[in-house]
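Working notes, structure below.
Only the coordinates and a few stated rules stand behind these numbers; no lab work does. Note that the coordinates shown come from a computational prediction; the quantities given were computed from them, not determined experimentally. We place every Cβ from the backbone using ideal geometry, glycine too, and count neighbours over all the protein chains shown.
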Amino acid sequence: MDTAYDAEVIVVGAGPTGLMLAGELRLAGVRVVVLDRLPGPTTESRGLGFTPRTMEVFAQRGLVDRFDALDTPLQTTTRGHFGGLPLDFGVFPGAHPAVVNLPQVHTETMLRGWVAELGCDLRRGHTVVGLSDTGEGVRVRVEGPDGAAELSARYLVGCDGGRSTVRALAGFEFPGTPATLELFLADVRGCEIRPRFIGEWLPGGVAMAAPLGDGVDRVVVCERDTPPRRRTEPPEFSEVAAGWQRLTGEDISHGEPLWVSAFGDATRLATQYRRGRVLLAGDAAHVHLPAGGLGMNTGIQDAFNLGWKLAAVVRGRAPGTLLDTYHDERHAVGRRLLNNTRAQGLLFLGGTEMQPLRDVLGELTGHEVVHRHLAGMVSGLEVRYPVGPGDHPLLGRCVPDMELAGEAGTTTVFGLLHGARGLLLDLDGDDRLRRRAQPWADRVDVVSARPAGPAGPASDAGAARTDAVLVRPDGHVAWASPGSQEELTDALARWFGAPALSPVG
């Protein structure tokens, strides 16, 4: 253990992205300190659920059942939308359903419990005020409950939101377009508001409403031609109620606001996700209109991609260049996310001039190929990384989950990923694979098993013949057979570092 640093990795921000990253690092035994400026957990819930891909992330770590312990039963659905146009994720057989109406505070509670069990050091009330990358590590100046202090780590990750202090202090470029309008969001009790789940287009703008339970409704108010204001404090609920009444004619001013916020449609993307020993994830790396709750979901998936790679580098099992693949893979996802949400914003928030486009797109979604394309985009199921050579349709995609029967009994593919290790899954009883992977046995589990039932792939790629797959800790397929043994060796070395012993043919 390297004791020259206060931590091997410092994570700034204890939201869903920062907590997910901390958990991934702790699974690999990395010493982590999480700093958050707030004195306690937030009571605000910007995110209200998960896409199917985020549900896969949680399932791959065995986290889904933890929501039961919080008395927060998951409301699942196969329904989604693109800019207000209905979509059905059921076009992907076997895919996890989406989760709706789950306040973000419950997600954070679940993740905090997980990282606490893993031994994460979470420090509240610590504000980052300075940092420097020494080339060998990072020094961080903080203001905490006990005054000023300096911490050191080998790496620092900013998961501190759209107004990221880490991003600014480290000099990341953050180009994009400023907000053109302002929207209000509020959770209000005691109004019995008619649900408008994916929004209602009205002459003056768009109104959304979703019941959250216990008499609480979430409302979103977007009045067209409302210029953005630079606020230092949240808006008053009276502003929200007045806007709601102008749009809908309904009076909600008697309601009890639980929290109120304002946001805009600014769109920005960091030009780099890594600068030396400082990295960005989540809203610190990309901001956009929160269409369909994709921000929190993309942040969790950023952390899932980064965590195992950063752990491998910190533990000396992979070269620092492995971290370059984090930028290469997730920056491309970020670019697509921004295009996606900008398009949804035009459709969703535009006026009557956008109706012809809505009508045409509505017709197009009746064609399966278009429906699948848009559903894959907003669900996260379309993501495919450039993992290396080969033409197997599973390469780069998330491995399909399925029940497996082997010598150790029945399990699932996702169940084999709970420990965040690599997985070589042999479905054809080829002993050569085990010998080939033996030099990476400290990082990669080799499991021989056969499907115990229907594979249930979440994409047509799963229909291809598959004798074996090498799966990264984030669930993405790095090699698949039919494929050469030499390509398997190359994939093991690329994603899991140098072998402990010479590879065996």
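In plain terms, if you count all Cα to Cα distances in the chain and split them into 20 Å steps from zero, the share in each step is 22, 55, 22, 1 percent. Relative to the current alpha-carbon distance between E150 and V370, full extension at 0.36 nm per residue lengthens the span by 73.9 nm.
Packing, taken as the mean count of other beta carbons within 10 Å per residue, orders the peptides 169-181, 197-209 from highest to lowest as 197-209, 169-181. Charges were assigned to the Cβ only: +1 to each Lys and Arg, -1 to each Asp and Glu. The resulting dipole of region 257-364 about its Cα centre is roughly 660 debye.
Taking the Cβ-Cβ separation of A405 and R434 as r and a Förster radius of 22 Å, what is the calculated FRET efficiency to the nearest 0.05? That pair, A405 with R434, gives E of 0.75. Simple rule: put +1 on each Lys or Arg Cβ and -1 on each Asp or Glu Cβ in the chain, find the dipole, and look at A291, L87, Y5; the Cα lying farthest toward the positive end is Y5. Based on C-alpha pairs under 8 angstrom that are at least 6 apart in sequence, the chain has a relative contact order of 17 percent. For a modelled paramagnetic label at Q272, 7 Å from Cα along Cα-to-Cβ, the residues of region 326-348 in reach, with backbone nitrogen under 19 Å, are 326-335. Toward the positive end of the charge dipole of region 19-174, with +1 on the Cβ of Lys and Arg and -1 on the Cβ of Asp and Glu, the farthest Cα among Y155, V99, M20 is that of Y155.
When you filter the trypsin sites (Lys or Arg not before Pro) in region 210-313 for DSSP loop state and at most 12 other Cβ atoms inside 10 Å of their Cβ, you are left with R229, R230, R231.
3J(HN,Hα) along region 153-169: 7, 6, 9, 10, 10, x, 10, 9, x, x, 9, 3, 5, 4, 4, 5, 5 Hz, from the Karplus curve 6.51 cos²θ - 1.76 cosθ + 1.60 with θ = phi - 60°, whole Hz, x for Gly and Pro.
Go ahead and run the numbers for FRET between Q245 and A116, Cβ-Cβ distance against an R0 of 60 Å, rounding to 0.05.
Computed FRET efficiency for Q245 and A116 comes out at 0.85.
Using a simple spin-label model with pseudo-atoms 7 Å out from Cα toward Cβ, E200 and A4 lie 6.4 nm apart. In region 182-264, taking the dipole from charged Cβ atoms about the Cα centre, the farthest positive-side position among S238, V216, L183 is held by L183.
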